[in-house]
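Enquirer: Okay, here's the structure, questions in a sec.
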Amino acid sequence: MPREQLQVLNALDTAKTQLYHFTAIVIAGMGFFTDAYDLFAISLCTKLLGRIYYHVEGAAKPGTLPPGVNSSVTGVALVGTLAGQLFFGWLGDKMGRKKVYGMTLAIMVICSLASGFSFGRERRSVMACLCFFRFWLGFGIGGDYPLSATIMSEYANKKTRGAFIAAVFAMQGFGILTSGIVALVVSASFDHAFSAPSYATNAILSTPLQADYVWRIILMFGAIPAALTYYWRMKMPETARYTALVAKNAKQAASDMARVLQVDIEAEEQKVEVISQDTRNSFGLFSKAFLRRHGLHLLGTTSTWFLLDIAFYSQNLFQKDVFSAIGWIPPAAKMNAIGEVFRVARAQTLIALCSTVPGYWFTVAFIDIIGRFAIQLMGFFFMTVFMFALAIPYHHWTLHDNRIGFIIMYSLTFFFANFGPNATTFVVPAEIFPARLRSTCHGISAAAGKAGAIVGAYGFLYASQSSDPKKTDAGYPPGIGIRNSLIVLGVVNFLGMVCTFLVPEPNGKSLEEMSGEDEEDEVEQTTTHRTVPV
């Protein structure tokens, strides 16, 4: 039988949408804005780094980062993010959400700035410094995933909880868009001030000395939005669910939420004491009870996020290579170094503006209407369809007259990634696990996603190379080509659709109802949580 809910938690579940909801979205969302900016800005800079530091005298093409360096520069932040998600997810359940929240933001501010500095100008020292600071930047970013999702889920009301969590995640879209806009402004300014010929005209002068400032400014800009929200993060009270259900401090929970909601809330210390003495809800992460009650749920959230991020990060981090392959971006030799940054940034900004950002906000609008399960299943389905539609007639899309059609189809895969599993895989793990394990389980799910992102970042880099050894980038072994890589990503999306059936539907239910924390009768609770929504 369901236990009578604490008044403070019921007040949160039934609260009308108020200013504090939107304040929490902005405070938590700015962290995600910074996360996305920092993770995706690097893809705008890798070609420039290759021209500056790996120029080969007399080469027909501009310098490119060697395979090992390119994969490290692109993927090291993802490795750091995975580590941060596991560590800070665990720490958020041990120390509390608020105490850990400031740590992650401070790391992000410091390491964003440090990413633009290097000890010396020799290429090995520059790349080593960049990789070092981007690893720790990723570590801070990783902590933001479980903490932001958990804080927003525990602050939100039951009716619009999905939209609020999705809105936090949707700030990622603005971060991706802003990285493109900043790169456009910086590259256009430098190109205007230090006009340079194309590489084919003059290889040396095509990369002016001032180009070294361009990538540094773009990366360092990520510190600004994070620094602006630090003060407000520190003013947020601890969530009532952590204070009441984990810290067992009913009085503090009631006091904090009474101030936030501007209503009188009874402390109910005796009821909290009864809950704390119930051993049925004290199982650990590695217990048989957790495996029985939430094992399939954790498998569902980790597998779908893993598969989604293989496709999503492959598409995002290497879309510049796809655009070059179909001729939307001119051959590198026909551009100067800074002009190439501008062209790549323009292409990525258009994709973000027309498909990525709208996709996020479609999820915000519909997630509490049609549910998480339907959106995730639909997103994976259309990602699969459009990926195969691009891959199977790939030669058709590479023809000059058809490349606009390719861009539209490619954009639709981004739209349905974001109006689909890229948002829901973030939302659901924050809703279905117990309060004392919520941040940890979200961190595990997110880390599985970043493992997929690492597979995508490193794997696609090599796989997308031409099967013809004469057409590969310098230093790369032959791959399977863009077409076959897109087919692989289509299969990955299909597997994600299948694994979605392991994920429960939390729409319209309280967090305690989903996690089983409000149950007193164990026989009853085993029949409450279905794997597939009805």
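Enquirer: Two decimals is fine: what is log10 I(q)/I(0) at q = 0.23, 0.26, 0.28, 0.30 Å⁻¹ for segment 229-275, from a Debye sum with one equal scatterer on every Cα and no solvent?
Expert: Those come out to -0.77, -0.90, -0.98, -1.05, one per q.
Enquirer: Tell me, what is the per residue accessible area of the chain in Å², probe radius 1.4 Å?
Expert: 38 Å²
Enquirer: Additional query: In straight Cα distance, which lysines are under 23 Å from K61, not counting same-chain residues fewer than 8 positions off?
Expert: Leaving aside lysines fewer than 8 places away in the same chain, those within reach of K61 are K47, K320, K334, K470, K471.
Enquirer: Rounded to two decimals, what ratio of Rg to Rh does segment 171-302 give with C-alpha atoms and a Kirkwood Rh?
Expert: On the Cα set of segment 171-302, Rg over Rh gives 1.30.
Enquirer: What percentages make up the Cα-Cα pair-distance distribution of segment 424-517 when the bins are 5 Å wide from 0?
Expert: Percent of Cα pairs in each bin: 3, 12, 15, 17, 13, 10, 9, 8, 6, 4, 3, 1, 0.
Enquirer: Show me the three semi-axes of the equivalent ellipsoid for the chain, from the C-alpha gyration tensor (sqrt of 5 times each eigenvalue), largest first, rounded to whole Å.
Expert: The answer is 44, 25, 18 Å, longest axis first.
Enquirer: Counting only protein heavy atoms and using a 1.4 Å probe, what share of the accessible area of the chain belongs to carbon plus sulfur, as a whole percent?
Expert: It is 66 percent, rounded to a whole number.
Enquirer: What Rg and what Dmax come out for segment 172-233 when only alpha-carbon atoms are used, in angstroms?
Expert: Cα-based Rg and Dmax for segment 172-233 come out at 15.3, 52 Å.
Enquirer: Hey, how much of the P(r) for segment 1-155 falls beyond 23 Å, as a percent of Cα pairs?
Expert: Every Cα pair in segment 1-155 considered, those over 23 Å come to 49 percent.
Enquirer: What does the charge add up to near P330, with Lys and Arg as +1, Asp and Glu as -1, over the other residues with Cβ less than 9 Å from its Cβ?
Expert: Net of charged neighbours comes to +1.
Enquirer: Now, a different point. Of the listed peptides 81-91, 145-155, 406-416, what is their order by residue-averaged count of other C-beta atoms within 10 Å, with the highest listed first?
Expert: Top to bottom by mean Cβ count within 10 Å: 145-155, 81-91, 406-416.
Enquirer: In Å, what Rg and Dmax follow from the Cα atoms of segment 58-97?
Expert: Every Cα atom of segment 58-97 included, Rg and Dmax give 17.9, 58 Å.
Enquirer: Here is a follow-up. With a 10 Å radius around each residue's Cβ, average the other Cβ atoms per peptide and rank 333-339, 386-392, 231-237, highest first.
Expert: Per-residue mean Cβ counts within 10 Å order the peptides as 333-339, 386-392, 231-237.
Enquirer: Right, something else. Quick one, can you get me the convex hull of the C-alpha atoms of segment 326-429 expressed as volume per residue in Å³?
Expert: 109 Å³
The values are calculated or read from the model by the stated rules, or taken from the named source; none is laboratory data. Nothing here was measured: the structure is a model prediction, and the numbers come from that model. Cβ: placed from backbone, ideal geometry, glycine included. Neighbour counts: every protein chain shown. Accessible surface areas use protein heavy atoms only, side chains included; no ligands, DNA or RNA. Shrake-Rupley method; radii C 1.70, N 1.55, O 1.52, S 1.80 Å.
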